[in-house]
Amino acid sequence: MPENLLEVNNLKTYFFTRSGVVKAVDDVSFTMRPGEALGVVGESGSGKSVTALSIIRLVASPPGKIVGGEILFNGENILEKNNDEMTELRGSKISMVFQDPMTSLNPVFTIGYQIAETVKRHRKGISNDQAWQRAVEMLDLVRIPDARRRAKSYPHEFSGGMRQRVMIAIALACNPQLLIADEPTTALDVTIQAQILELMKGLAKEFGTALMLITHDLGVVAGTCEHVIVMYAGHIVESAPVRQIFQTPAHPYTIGLLQSIPRLDEKRGTRLTPIPGQPPDLSREIIGCPYAPRCPRVQPRCRQERPELKPVGRGEQLAACFYPS
Amino acid sequence: MIQFLIKRLIGLVFVVIGVTFITFIMGYFAPGDPIRTMLGEHFSPQLYAQLRHAYGLDLPWYEQYWNFLVHLAHFDFGYSFKTQGRPVWDILKDGVPVSMELALWALVIYLLIGVPVGIISALKANTWVDTLNMGIMLVLYAMPIFVFCVLVQVLIVFIDQETGANWPVANWGEPWHYTWTDIQFKLAPVLVFGLAGAAYFARITRTSMLEVMRQDYIRTARAKGLPERLVIYRHALRNALIPLITVTGVTLGFTITGAFLIENIFNIPGIGTITVSSVLDRDYPVIQATAVLLAIGVVLGNLLADIAYTLVDPRIKLE
């Protein structure tokens, strides 16, 4: 048994569009241990969702294509698996929860059916009744009240938060080793967000499932994850244990992100510091550090050479910056 | 459900009144005189006046219309002008089964050819398969139906001459009978009608299927590890067929009145042929009656579609 559950090495996922090649994920490497909770943070278009979809091999193709690197799951390269092997893996060993619970469930099937369907797909020789029992059990676990009756309801009879619970139930129904949650709370209102995160974290722990939580909200990561990856323009710019990200951020982009979050312990009237400018156009060749045009500490070298992800001398913390703080 | 049906049937009454009113007014004010058409060149003014009175045509239009409605309420469509006193229903009753037979078989072809072609095209979108399919379907759909009919007839005649076969190019056989002779009569018009409609169904199915395949729940189905076959036939198809129900319902509604052009060109004794000849003869009672049949057909077709919706889509409730 390899030590790492997931090992992504030099992953490159490009989109071949009419206006050029968009390098959505460009040379991304990271690892996850079994049961670990990893946060992937970045703004829209930073490549975090595409990284996730690459791992489960659901990048829309065309136009998307994984053009390089390897993804080792339990030591086996996912990119070398054929379609049948991939469908065996999806939903059983690796599952995914998506951003918008309102549209992620099929409107014409009952909730119970949609959970039981996954169970039936992956557990050989299970009867319809047993699969349905498992569905009810899962609904109970994600704290849908009156699960036995509600299993017979259709998605439109559920609120957004409830539907996301159902999505989590589907994802965890077969005890996966890895759960990828792509902005699972973005479409929900704030009070529900906390409940859903709490639930997901708790169940992942209970099931021994590793959790990859993708979000643009550092606050979400703080309470949920052990390790954080910060992505920018298709690259990982910083990778560190969650405590270090908040206490001693090394990359100027991470610092920028943290400064743009409102804090309770700040003096009233203090203005937030936004990051000026826009992320770069990924269909153009980027020379040097992709963050250089927006970086307050930019040096001439940053515009010529791309910094590698390197240790900054504080344990596990890595940053892709020539002048980390 | 019962309440819904009652509401719909009350609605039907108003639709029929509206449709008959419009056809009545148009017929009344259209140039031409049915009695003159009936009598020909030479007639006595006395006979003319007598006939006008017999058919109630000397009354003011609102009284004529009122009389028509009263008769209609007793399911009495009145008497034909053209055939001198034959009840309208007597003329129509032989046409209805013929037209329905033609249209129902055509509908079967729409569904059996149009829908699968649409699905295949959507799954192979923007490949040569899709382009070829949609190209053929576009030609079938765009070609005027009378051109299509005549092309098929010419083809049949050509084959007859070459092979010495004696395949008919017109007429219908016994309705709902399928001996070899009946099939020979029915095959060509059914195919023409069916293929033209199948082209339309194929295009709708393709669009709808492509739309559904982009939905988030399809991605969810894939993320669950379902094989592509189940993703398509279980998760996508059922959603993609929902818009087709409307189209099928409306098509079903038109089956009673048949296909005007196809019936005429193939000389099929259905409602379509009867309608066209009654318009040419200014046989108003027959025109009115076919309009009523069409209205009833469309309303019932839509009603069936609404009921079918609730069976397929749990989000829709009849109210």
Checklist entry - Based on Cα positions only, what radius of gyration and what Dmax would you give for the range A:272-324, in angstroms? => result 12.4, 35
Checklist outcome for this item: What the Cα atoms of the range B:61-194 span along the principal axes, largest first and in whole Å, is 63, 42, 26
Next on the checklist: Which residue fluctuates most in the GNM of chain A (Cα springs below 10 Å): A:GLN244, A:GLN278, A:GLN304?
Outcome noted: A:GLN278
Next on the checklist: Quick one: 3J(HN,Hα) in Hz for the range A:119-124, Karplus 6.51/-1.76/1.60 with θ = phi - 60°, rounded, Gly and Pro as x.
Outcome noted: 4, 5, 5, 9, 9, 5
Next on the checklist: With +1 on the Cβ of every Lys and Arg and -1 on the Cβ of every Asp and Glu, and nothing else charged, how large is the dipole of the range B:226-319 about its Cα centre, in debye rounded to the nearest 20?
Outcome noted: 400 debye
Item to check | Under the Karplus curve 6.51 cos²θ - 1.76 cosθ + 1.60, θ = phi - 60°, whole-Hz ³J(HN,Hα) for the range A:284-296, x wherever Gly or Pro sits | outcome: 9, 5, 9, 9, x, 6, x, 8, 3, x, 10, 7, x
Checklist outcome for this item: Relative to the compact-globule estimate 2.2 N^0.38 Å (N residues), the Cα gyration radius of the protein assembly as shown stands at a ratio of 1.36
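What's the longest uninterrupted piece of chain A once you rule out the trypsin sites (Lys or Arg not before Pro) that are loop residues per DSSP with at most 16 other Cβ within 10 Å?
It works out to A:153-262.
For the range B:62-171, with only Lys/Arg (+1) and Asp/Glu (-1) charged at the beta-carbon, what is the dipole magnitude about the Cα centre, in debye rounded to 20?
Numbers: 4 positive and 8 negative charges, 30 e Å.
Value, rounded to 20: 140 debye.
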Item to check | Amide H contacts of A:GLY68 (H built 1.01 Å from N, under 5 Å, at least 5 apart or other chain) | outcome: A:LYS12
Checklist entry - How many partner chain Cβ atoms sit within 10 Å of a residue's Cβ in peptide A:106-116, on average, as a whole number? => result 4
Checklist entry - Considering the dipole of the range B:95-269 built from charges on the beta carbon (Lys and Arg +1, Asp and Glu -1) around the Cα centre, which of B:ALA221, B:VAL154, B:PRO175 is farthest to its positive end? => result B:ALA221
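Which of A:HIS251, A:HIS216, B:HIS74, A:HIS227 comes first, and how do the rest follow, when ranked by fewest Cβ neighbours within 10 Å? All intermediate terms of the calculation are to be shown ahead of the outcome.
Values: A:HIS251 30, A:HIS216 16, B:HIS74 7, A:HIS227 22.
Taking fewest neighbouring Cβ atoms as first place, the list is B:HIS74, A:HIS216, A:HIS227, A:HIS251.
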Item to check | Amide H contacts of A:MET212 (H built 1.01 Å from N, under 5 Å, at least 5 apart or other chain) | outcome: A:LEU38, A:LEU179, A:ILE180, A:ALA181
Item to check | Choice from B:PRO243, B:PRO87, B:PRO45 with maximal GNM fluctuation in chain B (Cα, 10 Å cutoff) | outcome: B:PRO45
Item to check | Compactness of the range B:2-92 as Cα Rg over 2.2 N^0.38 Å, two decimals | outcome: 1.32
Checklist outcome for this item: Here the alpha-carbon Rg of the range A:6-231 over 2.2 N^0.38 Å rounds to 1.00
Next on the checklist: I need A:PHE207, B:PHE193, B:PHE24, B:PHE14 ordered by Cβ neighbour count within 10 Å, fewest first.
Outcome noted: B:PHE14, A:PHE207, B:PHE24, B:PHE193
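For every helix of n ≥ 4 consecutive DSSP H residues, a contribution of -39,500 (n - 2.57) applies; sum these over the protein assembly as shown, divide by its total residues, and give [θ] at 222 nm rounded to the nearest 500 deg cm²/dmol.
-15500 deg cm²/dmol, from helical runs alone.
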Checklist entry - So which lysines can B:LYS224 reach, going by Cα to Cα under 29 Å and dropping same-chain residues fewer than 8 places off? => result A:LYS12, A:LYS23, A:LYS48, A:LYS65, A:LYS81, A:LYS93, A:LYS120, A:LYS124, A:LYS152, A:LYS201, A:LYS205, B:LYS124
Checklist entry - Hey, fewest Cβ within 10 Å first, where do B:ILE265, B:ILE145 land in order? => result B:ILE145, B:ILE265
Next on the checklist: What lysines does B:LYS7 reach when the alpha-carbon gap must be under 29 Å and sequence neighbours fewer than 8 apart in one chain are set aside?
Outcome noted: B:LYS93, B:LYS317
Next on the checklist: Sequence gap at least 6, Cα distance under 8 Å: using those rules, report the relative contact order of the range B:2-92 to the nearest whole percent.
Outcome noted: 20 percent
Checklist entry - the range B:95-269: percent of C-alpha pairs farther apart than 24 Å? => result 46 percent
Next on the checklist: Distances longer than 31 Å among the Cα atoms of chain B: what percent of all pairs is that?
Outcome noted: 47 percent
Item to check | Shielding by partners - mean other protein chain Cβ count within 10 Å, residues of A:155-168 | outcome: 1
Checklist outcome for this item: Spelling it out for B:TYR79: with amide H atoms placed in the peptide plane at 1.01 Å from N, the residues 5 or more places away or on another chain with amide H under 5 Å from its amide H are B:VAL88
Checklist outcome for this item: Between the alpha carbon centres of the range B:190-249 and the range B:173-187 the gap in Å comes to 33 Å
Checklist outcome for this item: Rh_Kirkwood(the range B:50-120) over Cα pairs, Å, one decimal, evaluates to 15.4 Å
Checklist entry - Residue by residue through the range A:59-68, which ³J(HN,Hα) values in whole Hz follow from phi under the Karplus form 6.51 cos²θ - 1.76 cosθ + 1.60 (θ = phi - 60°), with glycine and proline marked x? => result 5, 4, 9, x, x, x, 7, 7, 9, x
Checklist entry - Among A:GLU117, A:GLU206, A:GLU238, which one moves the most in a GNM of chain A with springs linking Cα atoms closer than 10 Å? => result A:GLU206
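About the Cα centre of chain A, what is the dipole size in debye to 20, counting +1 per Lys and Arg Cβ and -1 per Asp and Glu Cβ, all else neutral?
On the way: 37 positive and 34 negative charges, 94 e Å.
Around 440 debye, computed over chain A.
Values in this text are rule-based calculations from the coordinates and carry no lab data. Remember, predicted model here, so these are calculated numbers, not experimental data. Heads up, the Cβs are rebuilt from the backbone with ideal geometry, glycines too, and the neighbour counts pull from every protein chain shown.
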